[in-house]
Amino acid sequence: MWSRLRRGGTAVSTVLGTLIFVGVLMTAVIPLYVYVNQVNNLYDATVVAMDRFDQERDMENLEVYAYPYTEDYDNQVKVFIKNRCSLEVRIVRIWINDDYTSITVNATISPMEDYTFGPFNITLPTEGSQDYYIKATTRRGNVFSALTNPLTYTAGAGGGWSGSTALSFNIVIEGHFFYRYRILITGSDFTYDNQVRLGLGESTMLKVDVPDLGTYHVTITREWWGQATLIDQDYTITVDEPSIWVYATDD
């Protein structure tokens, strides 16, 4: 009888030991399996998100224009950005040469919309001239250089701002209400006719390339809420002054 009891106790101990071993194994394996599965899911989701991020970064397309704020404030520039892609683009930094300004306001530009940043203060040279290169950095990591780079400031009498060496007019319109403006530039075998709408306190900058040296007539008119002519005069594109700034302030 004692032999049978010992054999029965041994069997029970073996079963209990097996159950304990299985329990410990399951307690260790199941959380490990769940953890590994979660890591794999997170990895797959991260790969998909990064692929989408890279695709969106490749799709970004901005037109950036930098221009002196007004004729009266030489030491300030504004940056006008047009979103040419189908995505919303957030601007996080504006670079002027090697210095940058972090954009803390809501600077998300909707598809095919535009936004004007600034004015930004800059240090002007006291003698000679200095080039300024302006760039914009997006949240997705793209960097877009201003199409008006470099902006050049020359100190002293007869100095001031000049744009790039491309033959062009840089039209700056400072609006103060909800107006529509018409820009008409005519020359020998050349006509540029465009309209822009500005909201309250908005400004805009347009770079208009022209084909040749020579004299062009520039007319800028307000066409809403009472028509008014802001600019109506001739400008001459020369080798010494290939890019001309035209300011139209609607007081």
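Please verify whether region 155-176 includes one or more residues that are assigned to a loop (DSSP other than H, G, I, E, B) and under 26 Å from E223 (Cα atoms). Yes, region 155-176 contains at least one residue that is assigned to a loop (DSSP other than H, G, I, E, B) and under 26 Å from E223 (Cα atoms).
Looking at region 71-81, can you tell me whether even one residue there is crowded, with 18+ Cβ neighbours inside 10 Å, more than 21 Å from V246 (Cα to Cα) and among the hydrophobic types (A, V, I, L, M, F, W, C)? Reasoning before the result, please.
Let us first name the residues in region 71-81 that are crowded, with 18+ Cβ neighbours inside 10 Å, namely 77-81.
Among the residues that remain, those that are also more than 21 Å from V246 (Cα to Cα) are: none.
For region 71-81, residues crowded, with 18+ Cβ neighbours inside 10 Å, more than 21 Å from V246 (Cα to Cα) and among the hydrophobic types (A, V, I, L, M, F, W, C): absent.
Listed conditions (1) of a type in the set (A, V, I, L, M, F, W, C); (2) surrounded by 14 or more Cβ atoms within 10 Å (Cβ to Cβ); (3) under 19 Å from V246 (Cα atoms) are all met by F144, apart from (3).
Of the residues R90, R52, only one is among the basic types (K, R), surrounded by fewer than 15 Cβ atoms within 10 Å (Cβ to Cβ) and at pLDDT below 85; which? Steps first, answer last, please.
Values: R90 fails: at pLDDT below 85.
None of the others qualify; the one that does is R52.
Those strands (runs of 3 or more DSSP E) of region 189-251 in which at least 2 residues are over 24 Å from the mean Cα position of the chain (by Cα), considering only elements entirely within it, cover 190-198, 214-222, 228-237, 243-249. Flag: I173 does not match the condition of being more than 17 Å from the chain's Cα centre (by Cα), in the same structural domain as V246 (by TED's automatic domain parsing), at pLDDT 85 or above and of a type outside the set (S, T, Y).
Of the residues examined, A157 is one that is loosely packed, with under 14 Cβ neighbours inside 10 Å and without any contact (Cβ under 8 Å) to a residue 24 or more places away in the chain.
Residues of region 212-239 being crowded, with 16+ Cβ neighbours inside 10 Å and in contact (Cβ under 8 Å) with a residue 40 or more places away in the chain, which ones? Passing the criteria: Y216, V218, I220, T221, R222, L230, Y235, I237.
The values are calculated or read from the model by the stated rules, or taken from the named source; none is laboratory data. Since we're looking at a predicted model, the values are computed, not measured. Glycine gets a Cβ as well: all are built from the backbone with ideal geometry, and neighbour counts include every protein chain shown.
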